[in-house]
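S.K.: What follows is a single structure, and I will ask about it in a moment.
All of the numbers you see were taken from the coordinates with simple rules; none came from a lab. What you are looking at is a predicted structure, and each value in this text was computed from that prediction instead of being measured. Ideal geometry is used to build each Cβ from the backbone, glycine not excepted, and the neighbour counts take in all protein chains shown.
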Amino acid sequence: MAQRIVLLVSGRGSNAEAIVRACAADAWPAQVVALISNRPGAGALDFAARQGIATAVVDHTLHAGREAFDAELARVIDGFAPTLVVLAGFMRILSDGFVAHYAGRLLNIHPSLLPAFPGLHTHRRAIEAGCKLAGATVHFVTATLDHGPIVAQAAVPVLADDTPEALSARVLVAEHRLYPLAVRWFIEGALQVGADGVVRHAGGASQLLLA
């Protein structure tokens with residue numbers, strides 16, 4: 001039986017698009033059953049509709065607070081009975097209750113080599129710190145922002161004349177390789193979280209991509 005993936009997106013959804021295309025091209029034993037956005041005008045909604053994927057909008061501005069929004073979002077997500085929920089540029093901080101509800105089946109991608117530079121403005125901060133490598137991290141979501149168990153990382157060199165915009169563009173290319181790979185590993189049951197909280201690939205595959 002095919003596993004069911006729900007994508008959460010706030011904007012254009014280039015990572016969501018990469019996942020949808022990889023799922024189809026590589027014939028994963030899974031189906032992207034829905035794409036949900038908190039913004040009615042998100043470009044990802046149009047892409048999903050063209051692919052025949054169900055879409056939904058849960059507008060955060062119509063709810064009194066984070067808990068009310070998260071409760072409605074969870075209700076909509078659960079209507080699609082997902083095996084895995086994937087945050088693909090979903091620009092909302094989720095409540096502890098929401099995260100607990102999807103524990104072990106909620107993935108996120110962050111544009112830095114965690115645990116370095118959690119939060120915003122990662123590329124500017126990496127350049128200002130003199131980092132020679134930047135990149136992206138796919139991790140399981142926990143109640144601590146950008147600190148869940150690391151599934152896989154992609155490393156991208158920081159060039160001497162880099163701007164945050166140029167570095168961001170190169171990291172995004174790496175994200176489009178990294179995120180589908182990590183999602184596929186989850187779908188295949190290849191990810192194991194040890195008692196130490198470290199995620200390992202059951203087959204020993206490298207969890208690092210070098211761009």
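S.K.: Where does helix 14-25 land angle-wise versus the long Cα axis of the chain, in degrees 0 to 90, nearest 10?
M.R.: The answer is roughly 70 degrees.
S.K.: Considering only C-alpha atoms, what is the centroid distance from the stretch 88-131 to the stretch 6-52, in Å?
M.R.: 19
S.K.: Tell me the Rg and the Dmax, in Å, that the Cα atoms of the chain produce.
M.R.: Cα radius of gyration and Dmax of the chain are 16.6, 50 Å respectively.
S.K.: With the convex hull built on the Cα atoms of the stretch 92-144, state its orientation-averaged projected area in nm².
M.R.: 3.7
S.K.: Using a basic spin-label model with each label point 7 Å from the Cα along Cα→Cβ, how many nm lie between Val76 and Asp161?
M.R.: Calculated label separation equals 4.5 nm.
S.K.: Hey, another quick one. Between His63 and Ala116, what length comes free when the chain is fully extended (0.36 nm per residue of separation minus the Cα-Cα distance, one decimal in nm)?
M.R.: Numbers: separation 53, 0.36 × 53 = 19.08 nm, distance 3.28 nm.
That pair, His63 and Ala116, stretches by 15.8 nm at full extension.
S.K.: Also, quick follow-up: Taking a spot 7 Å from the Cα of Asp26 along the direction of its beta carbon, which residues of the stretch 96-112 have an amide N less than 19 Å from it?
M.R.: The answer is 105-110.
S.K.: Taking Cα pairs under 8 Å and at least six residues apart, what relative contact order does the chain come out at, in percent? Write out the running numbers ahead of the final one.
M.R.: Values: 400 pairs, mean separation 39.4, N = 211.
For the chain, the relative contact order is 19 percent.
S.K.: Specify the angular offset, from 0 to 90 degrees and rounded to the nearest 10, of the alpha carbon long axis of helix 164-187 from the longest principal axis of the alpha carbons in the chain.
M.R.: 50
S.K.: Let me ask you something else. Dividing the alpha-carbon Rg of the stretch 172-211 by 2.2 N^0.38 Å yields what?
M.R.: Expressed relative to 2.2 N^0.38 Å, the Cα Rg reads 1.22.
S.K.: Counting Lys and Arg as +1 and Asp and Glu as -1, what is the net charge of the other residues whose Cβ lies under 15 Å from the Cβ of Gln31?
M.R.: Details: positive: Arg4, Arg21, Arg184; negative: Asp26, Glu188.
Net charge around Gln31: +1.
S.K.: Additional query: With unit charges on the beta carbons (Lys and Arg positive, Asp and Glu negative) and the dipole taken about the Cα centre of the stretch 42-130, which residue among Phe90, Gly119, Ala56 sits farthest to the positive side?
M.R.: Going by the Cα projections, it comes out as Gly119.
S.K.: Net charge within 12 Å of Val20 by Cβ-Cβ distance, Lys/Arg positive one each and Asp/Glu negative one each, not counting Val20 itself?
M.R.: Working: positive: Arg21, Arg50; negative: Glu17, Asp26.
That sum, taken over residues with Cβ under 12 Å, equals 0.
S.K.: I'd like the antiparallel share, as a percent to the nearest 5, of DSSP beta bridges with both residues in the stretch 118-211.
M.R.: The antiparallel proportion sits near 75 percent.
S.K.: Which percent, nearest 5, of DSSP beta bridges in the chain are antiparallel?
M.R.: Taking every DSSP beta bridge with both residues in the chain, the antiparallel ones total about 40 percent.
S.K.: Let me ask something else about it. Quick one: which residues, 5 or more positions from Val32 or on another chain, have an amide H under 5 Å from its amide H? H modelled 1.01 Å from N in the peptide plane, none for Pro or chain starts.
M.R.: Ile5
S.K.: Next up: What is the order of Ser206, Ser112, Ser95, fewest Cβ neighbours within 10 Å to most?
M.R.: Ser206, Ser95, Ser112
S.K.: Please list, in order, the residues from the stretch 44-62 whose amide nitrogen is less than 14 Å from a point placed 7 Å along the Cα→Cβ vector of Met91.
M.R.: 44, 60-61
S.K.: On a 0 to 90 degree scale, rounded to 10, what angle separates helix 66-78 from the longest Cα axis of the chain?
M.R.: 70
S.K.: Which order do Glu165, Glu188 fall in if you start with the one that has the fewest other Cβ atoms within 10 Å?
M.R.: Glu165, Glu188
S.K.: Hey, another quick one. Where the Cα atoms of the stretch 1-46 are projected onto their three principal axes, how long is each span, largest first, in whole Å?
M.R.: Computed over the Cα atoms, the extents are 32, 17, 13 Å.
S.K.: Right, here's the next one. Distance in nm between label sites at Arg125 and Val193, each 7 Å beyond Cα in the beta-carbon direction?
M.R.: About 2.3 nm separates the two model spin labels.
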